[in-house]
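J.: Below is a structure I'd like to ask you about.
The values are calculated or read from the model by the stated rules, or taken from the named source; none is laboratory data. No experiment lies behind these values; they were computed from the predicted model shown. In this analysis, Cβ positions are derived from the backbone assuming ideal geometry, glycine residues included, and neighbour counts consider all displayed protein chains. The area values use the complete protein model at the heavy-atom level, side chains included, leaving out ligands, DNA and RNA. Shrake-Rupley method; radii C 1.70, N 1.55, O 1.52, S 1.80 Å.
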Amino acid sequence: MTALHPQPTSTSTPARPRRTGAGVLVGVLLAVLAVASLFIGVSDVSPVSLLSGDSDGTAAFLLVASRIPRTVALVLAGASLGIAGLIMQMLVRNKFVEPSTTGVTEFATLGMLGTTVVVPGMAVVGKTAVAAVFGLVGTWVFLRVVRAVPVRQLVLVPLVGIMLGGVVGAVTTFFAYRLDLLQSLMQWSQGSFAGVMQGRYEFVWIAGAMVVVAWVAADRFSVIGLGEEFATNLGLDFRRVVAVGMVVVAVITAAVLVTAGLIPFLGLVVPNVVSLLIGDNVRRAIPWVAVLGAVLVVACDIVARTVRFPYEIPLSVVVGVVGAVLFLWLLLRRRSRAH
Amino acid sequence: MIALEGVTKRYAGQTVVDDVSISFGGEGVTALIGPNGAGKSTLFGLVGRLVRPDAGRVTVDGLDVATTSSQELARRLAVLRQDNHVAARLTVHDLVEFGRFPHSRGRLTVADREHIERAIAYLELDAYRGRFLDELSGGQRQRAFIAMVLAQDTEYVLLDEPLNNLDLRHMTEIMRLVREMADQLGKRVVTVLHDVNFAATYADRIVAMREGRVVADAPAREVMRPEVLAAVYDTTVDVREIDGRPVALYYG
């Protein structure tokens, strides 16, 4: 063997890109943002007011009933949406997909509209479940379409997804228009955490649980990201792993949609940034995607709350702007690397 | 032993593999040759449980491929398909680590790590282990895939056109490696090759396919005859003896 490579030309590099320093920094950033998020708002909730106790407990009440739930929901939604994007990208083997570019979100929205029409008084559990089932159908339809139309160009895959979403969205809008529910539809399509309160946000924890599921099955998702042939060779049941991934994506999409509404681009941008930093090994990527997703959402929510203080603008607007810029940067960067 | 018994596969009415009965595993290196569309890759797909046969049975060490658990088979048989286009940004180390998946299911033991280190050392990839696959040259990438297959630690290794897109030096390098895997590590390698001279030089046995059937199956030297090769490829092939080795001339 020694004859094959007499002189290795490159110097030894570490086995895994770790970036410990950056990891600590991002973690601290998330903690700082989360604390800041607790104390931003119209009512005076600050460490001082909490400790002095002269506001007859209003500050403490607001903290527990509104600010903590909101911050927790933001962190969980941000983390899980990033993971949904990551898993989706592994399932489709395409970097440009996430629930909102594959029709999954539109299907889930259609599900929500359906429950509002058919069972108006349905509890949030039921709504989430129906939306998740519709999201699952959406994932399935998308995967079928992508398989049936073998698109060679990577960018065409999300285009197919966006078209699919457009069709489903049109159906949803038609029924919403006919049934006078356009306003509800508008509300769902604008992600905002303004309505998050104790007792009305707990379903994001399900999305959080899906992050754990994704983490447990991380290696399996990495392997199916290599393709069906690789996965089969390594003794993995490709279809089963894809099915688990579809459930993870659908449940996260539905839980966030029901709690806050549509938050675009996040599932696309965060995994791509992490891919550039540390690569696509899912086990290594998951903590990064989760924390960076949370950082992005909490930061954007703070901007949404302060830019027109004391009013709020929808979070989805801020995330959309930031996400679009990041996405363009990623696209141009990819082009420059001749991909 | 990998055994195919009367295996047939049809795609849309067209028979791609036609009632093939053959076994692999007696020799160190077996080369599978034949023109495009002869059914070589489909044959690999049938053995590697990616393609279901329309008739017949495929067994690996007596285990029916159709009914045995995929994980069990993955510990006996490794298949490397052609065109391993991996879109994911994985490092060489990541890839080799996935080779242990049939054994570890993602939880690496000390023994797993030893296998990984040995495979990386064997393919002299230590300097590149932290590199992403898209940062490697074609030859390095092919070595990384073979390291993954080595880490899988199977008796049988199926390589589908491992020389695709490689230059002369890297082709020779990979074939030498295939030979060593058989001689030093006791692997049973079956590999699809387009260059019959590589097959003649490095394989113990050559199996030739044409139109879904096995048309020749013999020690390498016996297949390297003008009339046999002409029948396989449907074109005139001259075979000369150079330094005691048969060399096929098919450059027109």
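J.: Please enumerate, by chain and number, the lysines with C-alpha under 23 Å from the C-alpha of B:Lys9, excluding those fewer than 8 residues away in the same chain.
T.: Cα-Cα hits under 23 Å: B:Lys40.
J.: Let me ask something else about it. If we sort A:161-172, B:211-222 on the protection proxy, mean other Cβ atoms within 10 Å, highest first, what's the order?
T.: Descending packing order for the listed peptides: A:161-172, B:211-222.
J.: Can you give the alpha-carbon Rg of segment A:131-289 over 2.2 N^0.38 Å, where N counts its residues?
T.: 1.14
J.: So, by mean Cβ neighbours within 10 angstrom, what's the order for B:130-143, A:30-43 with the highest one leading?
T.: Put in order of decreasing packing, that is B:130-143, A:30-43.
J.: Sticking with this one: For the protein assembly as shown, with the dipole built from +1 on Lys and Arg beta-carbon atoms and -1 on Asp and Glu ones, taken about the Cα centre, which of B:Tyr128, A:Ala84, B:Gly139 lies farthest toward the positive end?
T.: A:Ala84
J.: Over all residues in B:92-104, what is the mean tally of Cβ atoms on other chains that come within 10 Å of each residue's Cβ?
T.: What the average comes to for B:92-104 is 5.
J.: Which whole-angstrom value gives the distance between the alpha carbon centres of segment B:129-173 and segment B:1-80?
T.: With segment B:129-173 and segment B:1-80 each reduced to a Cα centre, they are spaced 22 Å.
J.: Using +1 at the C-beta of Lys and Arg and -1 at the C-beta of Asp and Glu, which of B:Pro246, A:Thr115, A:Gly225 has the Cα lying farthest in the positive direction of the dipole of the protein assembly as shown?
T.: A:Thr115
J.: Using +1 at the Cβ of each Lys and Arg and -1 at the Cβ of each Asp and Glu in chain A, identify which of A:Gln183, A:Ala254, A:Ser52 lies farthest towards the dipole's positive end.
T.: A:Ala254
J.: Continuing with this model, one more query. In terms of the ratio Rg/(2.2 N^0.38 Å) built on C-alpha atoms, what value belongs to segment B:172-252?
T.: It is 1.11.
J.: How much accessible area is lost when chains B and A come together, counting both sides, with a 1.4 Å probe, in Å² rounded to the nearest 100?
T.: 3700 Å²
J.: In whole angstrom, how far apart do the alpha carbon centroids of segment A:180-254 and segment A:40-106 sit?
T.: Each part's Cα centre sits 16 Å from the other's.
J.: Let me ask another. How large is the convex hull of the C-alpha atoms of chain A per residue, in Å³?
T.: Here the figure is 163 Å³ per residue.
J.: Here is a further query. Restricting things to Cα coordinates, could you compute the convex hull volume per residue of chain B in Å³?
T.: 136 Å³
J.: Ratio to report: Rg/Rh of segment A:86-136, with Cα atoms as the point set and Rh obtained by the Kirkwood method; give two decimals.
T.: Using Cα coordinates only, the ratio equals 1.11.
J.: Next question. Per residue of B:121-134, what is the mean number of Cβ atoms on other protein chains within 10 angstrom of that residue's Cβ?
T.: 4
J.: For segment A:61-336, what is the accessible area per residue in Å² when the probe is 1.4 Å?
T.: Accessible area per residue, segment A:61-336: 41 Å².
J.: Further question: When the helices in the protein assembly as shown are scored as -39500 (n - 2.57) per DSSP H run of 4 or longer and the sum is shared across all residues, what 222 nm value do you end up with, to the nearest 500 deg cm²/dmol?
T.: Counting only the DSSP helices, I get -17000 deg cm²/dmol.
J.: In what order, largest first, do B:Leu125, B:Leu249, A:Leu292 sit by accessible area if the probe radius is 1.4 Å?
T.: Largest accessible area first, the list is B:Leu249, A:Leu292, B:Leu125.
J.: Would you mind telling me the antiparallel percentage of the DSSP bridges in chain B, rounded to 5?
T.: 60 percent
J.: While we're here: Just checking the output field for A:223-232: average partner chain Cβ neighbours within 10 Å of each residue's Cβ?
T.: Mean shielding count: 6.
J.: Tilt of helix A:204-216 relative to the longest C-alpha principal axis of chain A, in degrees (0 to 90, nearest 10)?
T.: For helix A:204-216, the angle is close to 20 degrees.
J.: Treating the beta-carbon of each Lys and Arg as +1 and of each Asp and Glu as -1, no other charges, what is the dipole magnitude of segment B:68-143 about its Cα centre, to the nearest 20 debye?
T.: Its charge dipole is roughly 200 debye.
J.: Taking a quarter of the surface of the convex hull around the Cα atoms of segment A:205-339, what do you get in nm²?
T.: 9.3 nm²
J.: Turning to a different aspect of this structure: So how strong a dipole does the protein assembly as shown carry about its Cα centre when Lys and Arg Cβ are +1 and Asp and Glu Cβ are -1, to the nearest 20 debye?
T.: 960 debye
J.: Same structure, new question: Strictly greater than 20 Å: what percent of every Cα pair in segment B:83-153 meets that?
T.: Of all Cα-Cα pairs in segment B:83-153, 21 percent lie more than 20 Å apart.
J.: Another one. Counting only protein chains, not ligands or nucleic acids, how are B:Asp167, B:Asp238 ordered by accessible area (probe 1.4 Å), most first?
T.: Result, largest first: B:Asp167, B:Asp238.
J.: Turning to a different aspect of this structure: Segment A:261-339 to segment A:159-178: how many Å between their Cα centroids?
T.: That distance is 25 Å.
J.: Further question: Using a 7 Å offset from the Cα along the Cα-to-Cβ direction at both B:Asp167 and A:Trp140, what is the distance between the two label points in nm, to one decimal?
T.: Placing both labels 7 Å beyond Cα along the Cβ direction yields 5.1 nm.
J.: Between the helical axis of A:68-92 and the dominant principal axis of chain A, each derived from Cα atoms, what acute angle in degrees is found, rounded to the nearest 10?
T.: 30 degrees
J.: Now for a different question. Please give the FRET efficiency for A:Gln187 paired with A:Thr20, using the beta carbon to beta carbon distance and R0 = 35 Å, rounded to the nearest 0.05.
T.: Taking R0 as 35 Å, the efficiency between A:Gln187 and A:Thr20 is 0.25.
J.: Binning at 20 Å from 0, report for the protein assembly as shown what percent of all alpha-carbon pair distances ends up in each bin.
T.: Percent of Cα pairs in each bin: 19, 44, 27, 9, 1, 0.
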